[in-house]
1. Considering only the range 65-76, I want to know if a residue exists there that is out of contact with any strand residue (DSSP E or B) (no Cβ under 9 Å at 6 or more places or on another chain) and surrounded by fewer than 20 Cβ atoms within 10 Å (Cβ to Cβ).
2. In the range 158-185, what residues are assigned to a loop (DSSP other than H, G, I, E, B), surrounded by fewer than 19 Cβ atoms within 10 Å (Cβ to Cβ) and not aliphatic (A, V, I, L, M)?
3. Does the range 24-35 hold any residues that are of a type outside the set (S, T, N, Q) and either in contact with a Leu (Cβ under 8 Å, 6 or more places away or on another chain) or over 20 Å from residue 152 (Cβ atoms) (or both), and which are they?
4. When residue 48 is evaluated against the numbered criteria (1) in a helix (DSSP H, G or I); (2) surrounded by fewer than 13 Cβ atoms within 10 Å (Cβ to Cβ); (3) not β-branched (Val, Ile, Thr), which criterion, by number, is the only one it fails?
5. Here are some residues: 4, 14. Which one is in a helix (DSSP H, G or I), touching a helix residue (DSSP H, G or I) at 6+ places or on another chain (Cβ under 8 Å) and modelled with pLDDT of 95 or more?
6. Restricting to the range 202-229, name every residue that is among the small types (Gly, Ala, Ser), over 24 Å from residue 169 (Cα atoms) and touching a residue at least 12 places away in the same chain (Cβ under 8 Å).
Amino acid sequence: MKKLNQSEKKVLTLLEENARMPASKIAKKTRLSPEGVIKIINRLQEQKIIYKFNTKTNYSLMGQEIYPVHIKLNQINSEIIEKINKLIKKHNSCAWHIFTEGEYDLMMSFKVKSKQDKENMIQLLQKLGNYILDKEVSLALDSFEISKSFVKKKRQIFLTTNHLASQLELSKEEFQLLDLLKKNSRQTVLELAKKMNSTARIVAGMIKKMEKSGVISGFKIKINTALLGYQPCTALISLASYTKEELRKFITYCKYKEGIYYVIHQMGKYDFDIKIDAKDVNEFYQLVSEIRNEFSFIKKITTLISKY
């Protein structure tokens, strides 16, 4: 387990809020030198604590739907995991997956915009059919990711879906720019312009436009929290009848509760899929008990521990 020093905590927190923040600006906020900031970022990358500079987008504004899928396997071992991973790699509609311990063994998320994407999702689930004992397919309604803070309580919210939002028309160049930013959001406008055969001014303008429209909800790093001693967990929550005010209070609680980093309000067997980084399994179960006690309209909470 890697123990972060205070300077590393400050740099990680700022990059979680804005992965495109220049080293010079991070230096001013942390009272470090720009060279010192760059050394810290490079060191954290070498240690694989930072493994991606990501771009968060609002999928709904891009006309995409997100389908979370929870799967119970017939059996699970290293050989089956390897075979499933190989199948998933061949299907680009699967945006994310992880193996878990609990009621479900595999969690997947599909990003669907076209009929081809939906067919790709169906084909993958069919190919996994021999391994599947049971599965639940849901549709994400509203979701957001929350930046991780190592030094302060305030955190950044990144909207990822909004079922009431209307699709925006994006140009071919804007989609190209998004693809580049998703691969590495820390690229400079000069580097991006060169890859697009464009100018820095045009690229900067497109980024600003997509941020203003909400297509880009922010820039965030991906952290391997397991290397920092955290245990990734999931709480799947079913609700009884509730009022709009009760729902608002629950969502606000999730936004500011330490440990919670991703919230999906969905239509399906479970109403909420909440991702949590806990210091250990006991802390996770304590948080689940707190949620259950705090909100009387919660009917059931299914807990999962991420394994692979």
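The values are calculated or read from the model by the stated rules, or taken from the named source; none is laboratory data. Quick caveat, the model's predicted, so the values are computed rather than measured. No Cβ is skipped: glycine too gets one built from the backbone with ideal geometry, and neighbour counts run over all protein chains shown.
1. No, that holds for no residue.
2. Answer for the range 158-185, where residues must be assigned to a loop (DSSP other than H, G, I, E, B), surrounded by fewer than 19 Cβ atoms within 10 Å (Cβ to Cβ) and not aliphatic (A, V, I, L, M): 163, 166, 167, 169, 171, 184.
3. 26, 29, 34, 35, listed by residue number.
4. (1)
5. 14
6. 229
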